[in-house]
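K.L.:
A single structure is presented below for examination.
The values are calculated or read from the model by the stated rules, or taken from the named source; none is laboratory data. Please read all numbers here as calculations on a predicted model, not as lab measurements. All Cβ positions, glycine included, derive from the backbone under ideal geometry; neighbour counts span all protein chains shown.
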Amino acid sequence: MKFVILLTISLFMMPWTKQERQSTVKIMWIPVLFWLVIGILEYFFLIDNQISSILTTYTIVAAGFIILSSYFYENDNKVLMIKATLSVLLITAFVYTTFFHSMIIAKNKYEGVNFEVHDISEPFTNEDTPFSVPPETARNKMLKVFGNIDNVSYFELGDLTPQIVNGETLYVAPIEASGFFKARKAGSTPGYITMSGTNPDAEASLALGYEMQYVPSMYFNDNLQRIVRKAFPKGIFYGEPKFEIADDGKPFYTMTYGDKVSLRSGFNVKGVILVDPNTGDIQKYTKEKAPAFIDGVLNFETASLQNEYFGYLAHGYWNSLFSQTDVKIPTDWGTYEGVTPIFGKSGKMYYFTDFTSPKEGVDSALGYSLIDARTGELNYYNGELVKGVMDGSAAEEVVDNTFKKEKWHGTMPVIYNVYGEPSWVVPVTDDGGLVRQYAVILASNAKVFATGSTQKEAFNKYKSALSRTDSTHRASTTSEEKNIEGDVLRVYKEIDDGVTFIFILLDNSDKIFMVSSSDFPYAMFTEQGDTLKLEYADNNEQIVSVNQYQNLGID
């Protein structure tokens, strides 16, 4: 039907007068050129066969060719009026669909976002392992083993995708063809490379022997997007293909599909297309039925689009420009299209973004979102602890200033709920992308932070830093208060920034109890054999902070 409509429109590019019809050349060249342009656009841009695609792709092109035919052909006034009217209608349809309709349905885009509002995200502790290796670090590691590929000049490293494979958090990157002639010479690509997403000291690994023929960097009928468009000529896709591997190591490409909110405006995710790059086999899945190994049914571009709808369009398009009531701007320093992929405790992938105020010069965050990468559900966190905290750029600046002498930089900042407080976890890298340190920064107070050569060390030091602050920032997590009375088996004391921290091991518990001398000065006199009565927050960690301390051997 789409091409029938275009054929009907092309009739208006033909000469209608008897005099003009006598010239075969004049009859043919303008409509022939129009269809040549259609062929080029269809082939290179893989335009879907929805009738509505005419509105944004071909109306302005058709109007131009009709006007061109009016100039070259000697039409009478009646014919010129018909062509002029049609041209105006086509241009009006293009302008309305491309610009005004998108403004009108802005509220519909917002309402299409499936979101929930919460106070703060689930707690993270030093026993957890956040996804914290920056992409540039992983890429540098991958490039070191890239040279081991046969005929390496034929190939280049593709885009990195974070995912969990057999319970291990990894970056995976396909080996792509390097240009047209090398792609034709190679015929296929040999596989992919993996790298740990939690251990920056790990080495990358090659996975070869897969002979991936249908990939984004191939051409003609081997091009991944082309075979997907051939299989689904009316499909609506958004964003770039994404590479993932199954738990058995088999590689796949995914493409996010959905439908428009209205006419050609907006995008709602419906599911994912799965492509076997070896055989070209293509499967279509809804979000609910996508294979379990696919961590990201939504690609990065789609997640970023959801954040824009949610942040800008709560009260429509014009409000986002002028009064800006309830407008919150998603930041753009995420690692992928403005979002940063992270993994929750359950192993589920989320896309993280913090939101800031539209007011110029404000560097505080209004909240942050975690988008479920499989369902598209947006969880927005803006409780009292979160409002007014520093944004990601401010967290990076704290790190940059701390390591100014070393010329190290903060990268990939993500807010976690650390010991009950919203805290920025920031990897610290040198100019070569090597992770040198980790920083944990209290999001509401840049003066409270800690660094360590490992995440665990940084978290432990951060707990100490929180203990030195006032009670509202004391490490407490969300666990219940417990009491214990026992004899001291061992005691260890550590001085940090003028404050003594006493670490105590009792005879009736495997916990290590941490007491700050700034809270309980007499704790400095704790000795082996003393009987203590303690109150602490049981947070399922090995080291716990003491809220109440009493030495029964001291009056």
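K.L.:
So which of LEU55, LEU68, LEU41 is modelled with pLDDT of 95 or more and assigned to a helix (DSSP H, G or I)?
P.N.:
Only one candidate passes the filter, namely LEU41.
K.L.:
Taking the range 131-159 on its own, how many of its residues are assigned to a helix (DSSP H, G or I), over 30 Å from VAL428 (Cβ atoms) and among the aromatic types (Phe, Trp, Tyr)?
P.N.:
Of the residues in the range 131-159, 1 are assigned to a helix (DSSP H, G or I), over 30 Å from VAL428 (Cβ atoms) and among the aromatic types (Phe, Trp, Tyr).
K.L.:
Continuing with the same structure: Being closer than 22 Å to ILE502 by Cβ and without any contact (Cβ under 8 Å) to a residue 40 or more places away in the chain is the requirement here; does LYS461 meet it?
P.N.:
yes
K.L.:
Same structure, new question: In the range 354-376, what count of residues is obtained for those that are out of contact with any Ser or Thr (no Cβ under 8 Å at 6 or more places or on another chain), surrounded by fewer than 16 Cβ atoms within 10 Å (Cβ to Cβ) and not small (Gly, Ala, Ser)?
P.N.:
Count: 4.
K.L.:
Is it the case that the range 413-433 has a residue that's of a type in the set (S, T, N, Q) and farther than 26 Å from ALA303 by Cβ?
P.N.:
No, there is no match, as no residue in the range 413-433 is of a type in the set (S, T, N, Q) and farther than 26 Å from ALA303 by Cβ.
K.L.:
With ALA177, ALA173 as the choices, which residue is surrounded by 20 or more Cβ atoms within 10 Å (Cβ to Cβ), in contact (Cβ under 8 Å) with a residue 12 or more places away in the chain and either farther than 30 Å from ASN49 by Cα or in contact with a Phe, Trp or Tyr (Cβ under 6 Å, 6 or more places away or on another chain) (or both)?
P.N.:
After applying the criteria, what remains is ALA173.
K.L.:
Also, I was wondering about something else. For the range 125-144, enumerate the residues that are modelled with pLDDT under 80 and polar (S, T, N, Q).
P.N.:
THR125, ASN126, THR129
K.L.:
In the range 509-541, which residues are part of a loop (DSSP other than H, G, I, E, B), closer than 18 Å to LYS463 by Cα and not basic (Lys, Arg)?
P.N.:
SER517, SER518, ASP519, PHE520, ASP538, ASN539, ASN540, GLU541
K.L.:
Give the residues of the range 158-168 that are touching a residue at least 40 places away in the same chain (Cβ under 8 Å) and surrounded by fewer than 23 Cβ atoms within 10 Å (Cβ to Cβ), sorted by residue number.
P.N.:
Correct list: GLY158, ASP159, ILE164, VAL165, ASN166, GLY167.
K.L.:
Condition check: outside the structural domain of ASP332 (by TED's automatic domain parsing), assigned to a strand (DSSP E or B) and over 17 Å from PHE355 (Cα atoms). Does ILE415 satisfy that?
P.N.:
Judged against the criteria, ILE415 is not a match.
K.L.:
Looking at the range 105-130, which of the residues that are touching a residue at least 12 places away in the same chain (Cβ under 8 Å) and assigned to a helix (DSSP H, G or I) is surrounded by the most Cβ atoms within 10 Å (Cβ to Cβ)?
P.N.:
The extreme case among them is LYS109.
K.L.:
Does PHE100 qualify as being surrounded by fewer than 16 Cβ atoms within 10 Å (Cβ to Cβ), under 34 Å from the mean Cα position of the chain (by Cα), within 30 Å of ALA314 (Cβ to Cβ) and not aliphatic (A, V, I, L, M)?
P.N.:
Considered against the rule, which asks whether it is surrounded by fewer than 16 Cβ atoms within 10 Å (Cβ to Cβ), under 34 Å from the mean Cα position of the chain (by Cα), within 30 Å of ALA314 (Cβ to Cβ) and not aliphatic (A, V, I, L, M), PHE100 comes out as yes.
K.L.:
Just to be sure before I move on: is GLY344 within 30 Å of VAL269 (Cα to Cα) and either among the β-branched types (Val, Ile, Thr) or in contact with a strand residue (DSSP E or B) (Cβ under 9 Å, 6 or more places away or on another chain) (or both) in the structure I sent?
P.N.:
yes
K.L.:
When both residues are 6+ apart or on different chains and their Cβ atoms are under 8 Å apart, which pairs have a first residue that lies in the range 417-430 and is among the polar types (S, T, N, Q), and a second that is assigned to a loop (DSSP other than H, G, I, E, B)?
P.N.:
What qualifies is ASN417/ILE120; ASN417/SER121; ASN417/GLU122; SER423/ALA443; THR429/PRO134; THR429/TRP408; THR429/THR411.
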